[in-house]
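Structure first, then comments.
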Amino acid sequence: MGTFRFAGGVAVVTGAASGIGFEFSRLAFLHGMKVVMVDVDALGLDQAVDVLKVPASEVLTVQVDVSQDDEMERLALSVFERFGCVSVLINNAGVCLNKSVWEHTQQDWQWIFGVNVFAISNALRHFLPKMLNQKEGGHILNTASVAGLVNTPGLSAYSASKHAVVSMSETLYLELKESRSQLGVSVLCPAWVQTNIQNAQKNRLPRYQNPSEISSESSMRYEAQMNQAITHAKLSAGDIALCAFDAIDRNDFYILPHRKINPIIERRMQDILMQRNPFIDGGSKQ
Ligand SMILES: NC(=O)c1ccc[n+]([C@@H]2O[C@H](COP(=O)([O-])OP(=O)(O)OC[C@H]3O[C@@H](n4cnc5c(N)ncnc54)[C@H](O)[C@@H]3O)[C@@H](O)[C@H]2O)c1
């Protein structure tokens, strides 16, 4: 049992209408927090609040495209105006794409990096300075992925974006330590979880649409493999949220809920140190 004071605090959760973000919101309410549920999907937010059955005084839903700096700036202003502080900032919204690296268009990269990476830099720019001035401290949780620690065929932009999230989170941790800040930081790196992430295109805004769509046989295979992995995922979004809240409570930085993946992460680290070529499927050299 740690010392983080959830009860009576305020949680801001991005990507709150679905999957892991929805479960973060549910858990925050269960811990007695007020919750700001942020998502680009306004209808999804309304449905999520209906399911959670929370009083209107405990929740604020805001439709935001987290990749847009001005929208995040307005969000931060309205949250601090209404609540005065943020105890836990959960940068969780994320999108995924399965394609060969050479088939990713510029719009694909802009979309994936906009939602997965720039959203977090936007949130840090607009929330962090205010959180640093809070007497009560606070915590920042960034949702990365195991894809931020290892690489898999078909996930190039996604993996690159999640490596960026891990890197940004580690740097933030070090900078906050150096400045003796009270704020905690964690980076969440799950493997497969059953959510709606394979339908991410549904909320892809026109500014990120491709002029034309290419889908080769290999890209379709990558997509089918990922659908299969997500459908058969062992841990639920609720399990992941629980694991992350426990980690916040202990002030742990790295959160890896799928411990069976550890040998693959270890193998990649060893390959780098030994200057061996990257491996695929449990060890065969390429
Ligand atoms: N599901 C997995 O297997 C898995 C594994 C590792 C990491 N993750 C990460 O977990 C996080 C949550 O994903 P999930 O699996 O719950 O997926 P999900 O699709 O169920 O939820 C993602 C939410 O983000 C929202 N979103 C998308 N674009 C947005 C934007 N521009 N602005 C605001 N909100 C936006 C979506 O509307 C959706 O509600 C993501 O960062 C994802 O990369 C997921």
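Taken together, ALA233, ALA229 contain a single residue that is within 12 Å of the ligand (Cβ to nearest atom), closer than 20 Å to SER18 by Cβ, part of a loop (DSSP other than H, G, I, E, B) and among the small types (Gly, Ala, Ser), which is ALA233. Filter segment 1-31 down to the residues that are assigned to a strand (DSSP E or B), among the β-branched types (Val, Ile, Thr) and within 16 Å of the ligand (Cβ to nearest atom) and list them by number. Scanning segment 1-31 gives VAL12, VAL13, THR14.
Scanning segment 121-145 for residues that are within 16 Å of the chain's Cα centre (by Cα) and surrounded by fewer than 22 Cβ atoms within 10 Å (Cβ to Cβ) returns SER121, LEU124.
Within segment 67-89, the presence of a residue that is within 13 Å of the ligand (Cβ to nearest atom), buried (at least 18 other Cβ atoms within 10 Å of the Cβ) and of a type in the set (Val, Ile, Thr) is excluded. Once segment 16-57 is narrowed to residues that are in contact with a strand residue (DSSP E or B) (Cβ under 6 Å, 6 or more places away or on another chain) and either modelled with pLDDT under 95 or of a type in the set (Gly, Ala, Ser) (or both), the residue that is surrounded by the fewest Cβ atoms within 10 Å (Cβ to Cβ) is ALA42. In this structure, does THR152 turn out to be within 11 Å of the ligand (Cβ to nearest atom) and over 15 Å from PHE253 (Cβ atoms)? Considered against the rule, which asks whether it is within 11 Å of the ligand (Cβ to nearest atom) and over 15 Å from PHE253 (Cβ atoms), THR152 comes out as no. Once segment 168-189 is narrowed to residues that are in a helix (DSSP H, G or I), away from the ligand (no atom under 15 Å from the Cβ) and of a type in the set (Ser, Thr, Tyr), the residue that is surrounded by the most Cβ atoms within 10 Å (Cβ to Cβ) is TYR173.
For segment 190-226, the candidate set comprises residues that are among the polar types (S, T, N, Q) and in a loop (DSSP other than H, G, I, E, B); within that set, the residue that is farthest from SER159 (Cα to Cα) is SER212.
The values are calculated or read from the model by the stated rules, or taken from the named source; none is laboratory data. All values derive from a computational prediction rather than experimental measurement. FYI the Cβ positions are ideal-geometry reconstructions off the backbone, even for glycines, and counts take in every protein chain you see.
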